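Heads up: the structure comes next, in structure tokens.
The values are calculated or read from the model by the stated rules, or taken from the named source; none is laboratory data. This structure is a prediction, so every number in the text was calculated from the model and none was measured. As a convention, Cβ positions derive from the backbone with ideal geometry for all residues, glycine included, and neighbour counts pool all protein chains shown. All accessible areas refer to the heavy atoms of the entire protein, side chains included, with ligands and DNA or RNA removed. Shrake-Rupley method; radii C 1.70, N 1.55, O 1.52, S 1.80 Å.
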Amino acid sequence: VPVSTVMLAVSAALLLLAGGVPSATAWAPAPKFSTSGLFAARHRLTPPATPTLSTRRPIRRRLVFRMAAATSAAPRGVCWDVDGTLADSFLLGYSATKDVLHQAGYAEPSGDEYHAYCIYTTPVRLARHAGLEPGTDDFERIGADLGRKFDDMYIDLVSTDTAAFFPGVLEIVEGLGSRKVPLGALTNAAVGYAEAVLTVNGVRMMFSSVHGADDVPAPKPNPDGMVVCLSEMGLEAQDLVYVGDSPSDGKAARAAGCKSVGVAWGSHPVENLAPQFDIIVRTPAELDAALRCFLTTGLVC
């Protein structure tokens, strides 16, 4: 046997006894010169490791989660006053008011007086039109009697001729309903009146909550009705905007913690509305823009 062959066999045996054949990395060539490596050697630092897929993946997951959280939004809804906001019902309300008061032997109010007293519930409004003052013996009794007569007449006369939605407003409501935006209605008139107005205008099925002063714990400007609507609509206060035409509408929304939009085509001048609402709009186009802003951002703008 050649001497070289014997020497190779002996070397292999010695390597096995010493711990096995070296790995391939043991035979890898020395790394090329690196200035960062030289800096690390001088300062006893470990060069930064190159990020691998496994080290990047958790970061990517966190970024995706944050992006999803930023783009997801809680559902937001719109609650409406009825007379002077949705429905152009001034002539209906004013005519019924004059008829009821005339039949009871009281003087008929002027149009300005009618508008001024629209902030009140129907019994209180009619008692004031009759010249009675709160706190007197007959105020509540006569107001309640006049209110019942008014509601019976008022509701029976509701039609698209007497209580049609303002031009442009019906399209806004229908658009919101088609997008499944939660809708509610809260009036200081009777709930039966609100139901009738929404029904004749063809949108009642879009509303998940409809209430009047006669079926909530306390009327506007108290927040009680807003709280009832929020519960039935399944929304938090900050996710609801209330649209109205009366200072009492803005006060009720603010007391409930909701956003508010005042419309200038109802019963009250802008200077009376501005202190109570977050924003005032003068046309249905402005209202549509304000609602789109709220539903997108949670702000009224």
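Values for this structure:
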read-out: FRET E, pair Cys301, Ser208, Förster distance 30 Å, beta-carbon r, rounded to 0.05; value: 0.75
read-out: For region 211-221, Karplus couplings with θ = phi - 60° (6.51, -1.76, 1.60), whole Hz, Gly/Pro x; value: 9, x, 5, 8, 9, 10, x, 8, x, 4, x
read-out: Region 97-131 residues near the modelled Ala255 label - backbone nitrogen below 19 Å, point 7 Å along Cα→Cβ; value: 117-126
read-out: Å² per residue, accessible surface of region 235-301 at 1.4 Å; value: 39 Å²
read-out: Percent carbon-and-sulfur accessible area, region 118-188, ignoring ligands, DNA and RNA, probe 1.4 Å; value: 51 percent
read-out: Virtual spin-label span in nm between Gln238 and Cys293, 7 Å along Cα→Cβ; value: 1.9 nm
read-out: Per-selection metrics, region 237-301 (Cα): Rg and Dmax in Å; value: 10.6, 30
read-out: Note, ³J(HN,Hα) from phi for region 232-242, Karplus 6.51, -1.76, 1.60, rounded to Hz, x at Gly and Pro; value: 6, 7, x, 10, 7, 4, 5, 9, 10, 10, 9
read-out: Proximal lysines to Lys98, defined as alpha-carbon separation beneath 24 angstrom and excluding residues fewer than eight positions away on the same chain; value: Lys149, Lys220
read-out: Distance histogram for region 161-301 (every C-alpha pair counted, 5 angstrom bins, percent rounded to whole numbers); value: 2, 11, 20, 25, 25, 15, 3, 0
read-out: List Thr121, Thr136, Thr97, ordered by accessible area with a 1.4 Å probe, largest first; value: Thr136, Thr121, Thr97
read-out: Sequence-distant residues sharing a close amide H with His211 (under 5 Å, placed H); value: Ala185, Leu186, Thr187
read-out: For region 63-191, convex hull volume per residue from C-alpha positions, Å³; value: 149 Å³
read-out: Val270 paired with Ser231, simple spin-label distance in nm, labels 7 Å along Cα-to-beta-carbon; value: 3.9 nm
read-out: Alpha-carbon centroid distance for the pair region 227-243 / region 79-107, whole angstrom; value: 27 Å
read-out: ³J(HN,Hα) computed for each position of region 187-196 - Karplus, 6.51 cos²θ - 1.76 cosθ + 1.60, integer Hz, glycine/proline x; value: 10, 8, 7, 6, 4, x, 5, 4, 4, 5
